[in-house]
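Quick notes on the structure that follows.
The values are calculated or read from the model by the stated rules, or taken from the named source; none is laboratory data. This one's a predicted model, so the numbers in the text were calculated from it and none came from an experiment. Here the Cβ is made from the backbone with ideal geometry for all residues, glycine too, and neighbour counts use every protein chain on show.
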Amino acid sequence: MHAPQRNPMAQWVPSPNYSARKATLIVLHYTEQESVQQSLHTLRTRNSGGPVSAHYLIGKDGELYQLVADEHRAWHAGGGSWGAISDVNSASIGIEIDNNGREPFPEQQIATLLRLLDDLCTRHGIPRTNVIGHADMAPTRKIDPGALFPWQRLADAGFGRWPAADRGPAPLGFDAMVALRLLGYPLDDPAAAIRAFHLHYRGIDTTTLDEEDASLLYALTAER
């Protein structure tokens, strides 16, 4: 029996909470805990909802830990969907980022994340646009990685989607809710989907669409 593939970039701290699958998506989380050691314990045991795990954990100092082999199905996403993907755990690699939800993300932490994203997308052929937040696929339950997460920094490095800076207004008759669905947001709860979109693209926590949103969504969907 062969040992599971391990990423040489990371310390191997195995969790038993996984099953096998192939990833086409990367989901980013924050831990909402106070230390790497606390999160390592949680990700190798359980939280209030039961056993939980992620493939990777990145500390504030940029240290990278791997808990589940890339080819195995970690238990990080929970209920939700993204586009046609309804079982996100089976289609994704989960990356937890050590952050309590109230603080900026240190430079060394984001630098490690960018190296890891490059590695994962290159080795597994994951489209570089397929990097989303936990809130994007589970907007009724989650807000991580939160309003302080530097999505534009990731986009500048080629990961995720970001609208062009020189975008214009949306054309007359443009349907922003249809555009949200085309991006991948589940619309079971429209207000929650709008909130998740705002957290990702505007760093605000509101649930009403405006002209700026229409411009952003038009630019994002025109690029697809």
Looking at segment 24-61, which of its residues are aliphatic (A, V, I, L, M) and modelled with pLDDT of 95 or more? 25, 26, 27, 28, 36, 40, 43, 54, 57, 58
Could you list all residues from segment 198-224 that are in contact (Cβ under 8 Å) with a residue 60 or more places away in the chain and either closer than 21 Å to residue 148 by Cα or surrounded by 14 or more Cβ atoms within 10 Å (Cβ to Cβ) (or both)? 199, 200, 205
Determine whether segment 99-112 contains at least one residue that is of a type in the set (Ser, Thr, Tyr), in contact with a strand residue (DSSP E or B) (Cβ under 8 Å, 6 or more places away or on another chain) and assigned by TED's automatic domain parsing to the domain that holds residue 146. yes
Within segment 176-197, considering residues that are of a type in the set (Gly, Ala, Ser) and within 19 Å of residue 25 (Cβ to Cβ), the one surrounded by the fewest Cβ atoms within 10 Å (Cβ to Cβ): 184
Confirm whether residue 13 is of a type outside the set (Gly, Ala, Ser), over 19 Å from residue 133 (Cα atoms) and surrounded by 12 or more Cβ atoms within 10 Å (Cβ to Cβ). yes
Assess whether residue 122 counts as being exposed (fewer than 14 other Cβ atoms within 10 Å of the Cβ), in the same structural domain as residue 85 (by TED's automatic domain parsing) and more than 26 Å from residue 185 (Cβ to Cβ). yes
Test: residue 73 is among the charged types (D, E, K, R), assigned by TED's automatic domain parsing to the domain that holds residue 145 and touching a helix residue (DSSP H, G or I) at 6+ places or on another chain (Cβ under 8 Å): yes
Anything in segment 22-45 that is assigned to a helix (DSSP H, G or I) and buried (at least 17 other Cβ atoms within 10 Å of the Cβ)? List them, or say none. 36, 39, 40, 42, 43, 44
Single residue of segment 60-116 satisfying the filter (among the aromatic types (Phe, Trp, Tyr) and part of a strand (DSSP E or B)) that is farthest from residue 156 (Cα to Cα): 65
Scan 186, 127, 171, 145 and give me the residue that is in contact (Cβ under 8 Å) with a residue 60 or more places away in the chain, in a loop (DSSP other than H, G, I, E, B) and not assigned by TED's automatic domain parsing to the domain that holds residue 9. 186
Return the residues of segment 27-46 that are without any contact (Cβ under 8 Å) to a residue 40 or more places away in the chain and of a type in the set (A, V, I, L, M); say none if nothing qualifies. 40
Output yes when any residue across segment 80-93 is assigned by TED's automatic domain parsing to the domain that holds residue 7, within 15 Å of residue 30 (Cβ to Cβ) and either crowded, with 19+ Cβ neighbours inside 10 Å or touching a residue at least 24 places away in the same chain (Cβ under 8 Å) (or both), and no when none is. no
